[in-house]
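Student: So that we are looking at the same thing, I have put the structure below in structure tokens.
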Amino acid sequence: MTTIAEQRTATFFGWRVVAGAFVLAVFGWGIGFYGPPVFLQTIRTTRDWPLGLVSTAVTAHFLIGALAAANLPAIHRRLGIALVTKVGAVFVALGIFGWATATAPWQLLCATVLSGLGWAAMSAAAINAIVSPWFVRERPAALSMAYNGGSIGGVVFSPLWVAAIGALGFPAAAATIGAIAVVTLWCLADLLFTRAPEQMGLPPDGDAGAPAVLKAPDALPPAGRSLWHDPTFITLCAGMMFGLFAQIGLIAHLFSLLAPALGAQSAGWAMGGATALAIGGRTAVGWLMPDGADRRLVACASYAIQIAGSLAFVMAGGTHAPLLLAGVLLFATGIGNATSLPPLIAQSEFAKNDVARVVALIVGISQAGYAFAPAAFGLIRELAPAGSGSTAIFVVAAALQGLAIGAFLAGRGRYRRV
């Protein structure tokens, strides 16, 4: 027989919210994160515009999204999560249609404003704001499940965009996918995101009898404006930014680095396998991380595994297929954790009223940084001596991940437990 507490947890409304956040992440990452690289290539071939111009539009999309994400808690407080989600869906649909129909560069840049704002309403900060009120003890598992929607979005939407644009043309594909996103997310917002656990008389995790695991957030006073002078915040932000800059920069070039040795088809399978490993790694950490674990050390361990992957890439020399595959295995295992662990660290280190603001800021700042990562890694490849471009970016990725570990370690000390 199951206990009353087990029955309540099994039917806890918060898990429905997690499912809704998962779907939101599928559309958010599928359109707002994985879409722009496909749009870039399509616009280049159909408009004959300079690569620099279109690349600037992609960067502008991410920078606008970063600015909006950093201010998302204030926007949520003013308008509510459900309305912001609906407006974000409309904005991103209009934005991608603008990308598809732009006939002049200024129109493309205007479209990036809408698409960037819409992407912010579906970003990691938004997912955290939706899920966190429902969970304390089980937040790692809940967030890992919700964030996995972003990885699924890449699996589904990357080939979907290519197929839809090829079959329907860019404008019709953008209009169709945008309309589906608006209808789906509008319904989700009405059904799930209009509710809060307090309104339903539900405690976090659906179990009022469960003991509190983390005492630090409740024991600490709100950071207020001192946040920007708080080493805990600065090191958390730096760790996330360094890690994601390395990750996004390397992933942007990884297919082209694997293809010469593995072949295009095998390289494609390797990239697909990397996504599956990212989901597996994030899920394992979310469900298996002990309640008393120091989450900064967990993040450091994840980055250490990725450094091992980067070093395997270096040793492969661009030609040794088994080492290249070993690099993919090690590097990909930590991809998902780079997004999901920093919000969990914030939960354990900041007062409850500060967590949403901290997460929004670290997500926004990290996104502003990684917007330049693909271009920076491309420049490194071009400037490196002949034949050493791939080695150079793997070494840089490992160094940045080392800086991320250093930042996380430097911020330890405020983490107190019951």
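Student: If a residue counts only when it is closer than 18 Å to G286 by Cβ and assigned by TED's automatic domain parsing to the domain that holds A172, which helices (runs of 4 or more DSSP H) contained entirely in the stretch 76-150 have at least 1 such residues?
Tutor: Answer list for the stretch 76-150: 124-131.
Student: Right, something else. Could you list, in sequence order, the residues of the stretch 286-327 that are more than 23 Å from A276 (Cβ to Cβ) and in contact with a Ser or Thr (Cβ under 7 Å, 6 or more places away or on another chain)?
Tutor: Answer for the stretch 286-327, where residues must be more than 23 Å from A276 (Cβ to Cβ) and in contact with a Ser or Thr (Cβ under 7 Å, 6 or more places away or on another chain): R295, V314, G318.
Student: With respect to N128, determine if the residue is of a type in the set (S, T, N, Q) and either within 22 Å of L67 (Cβ to Cβ) or surrounded by fewer than 17 Cβ atoms within 10 Å (Cβ to Cβ) (or both).
Tutor: In short, yes.
Student: A further question on this structure: Among the residues of the stretch 263-276, write down those that are hydrophobic (A, V, I, L, M, F, W, C) and out of contact with any helix residue (DSSP H, G or I) (no Cβ under 6 Å at 6 or more places or on another chain).
Tutor: Passing the criteria: A264, W269, A276.
Student: Being assigned to a helix (DSSP H, G or I), modelled with pLDDT of 90 or more and either β-branched (V, I, T) or surrounded by fewer than 22 Cβ atoms within 10 Å (Cβ to Cβ) (or both): is that true of V156 here?
Tutor: Considered against the rule, which asks whether it is assigned to a helix (DSSP H, G or I), modelled with pLDDT of 90 or more and either β-branched (V, I, T) or surrounded by fewer than 22 Cβ atoms within 10 Å (Cβ to Cβ) (or both), V156 comes out as no.
Student: Among the residues of the stretch 50-92, which ones are surrounded by fewer than 16 Cβ atoms within 10 Å (Cβ to Cβ) and of a type in the set (D, E, K, R)?
Tutor: R77, R78
Student: Within the stretch 10-30, can one find any residue that is more than 15 Å from the chain's Cα centre (by Cα) and at pLDDT below 80?
Tutor: Scanning the stretch 10-30 turns up at least one residue that is more than 15 Å from the chain's Cα centre (by Cα) and at pLDDT below 80.
Student: Taking the options F242, F233, F255, F313, name whichever one is farther than 20 Å from R412 by Cβ and touching a residue at least 60 places away in the same chain (Cβ under 8 Å).
Tutor: The conditions single out F313.
Student: Examine the stretch 237-255 for a residue that is assigned by TED's automatic domain parsing to the domain that holds K352, exposed (fewer than 14 other Cβ atoms within 10 Å of the Cβ) and either at pLDDT below 85 or in a helix (DSSP H, G or I) (or both), and state whether such a residue exists.
Tutor: no
Student: Here is a follow-up. Read through the list (1) in contact with a Gly (Cβ under 7 Å, 6 or more places away or on another chain); (2) free of Cβ contacts under 8 Å to residues at least 60 places away in the same chain, then give the number of the only condition that R78 fails.
Tutor: Unmet condition: (1).
The values are calculated or read from the model by the stated rules, or taken from the named source; none is laboratory data. Computed from a predicted model, the values in this text were never measured in an experiment. Every residue, glycine as well, gets a Cβ built from its backbone with ideal geometry; the counts of neighbours run over all protein chains shown.
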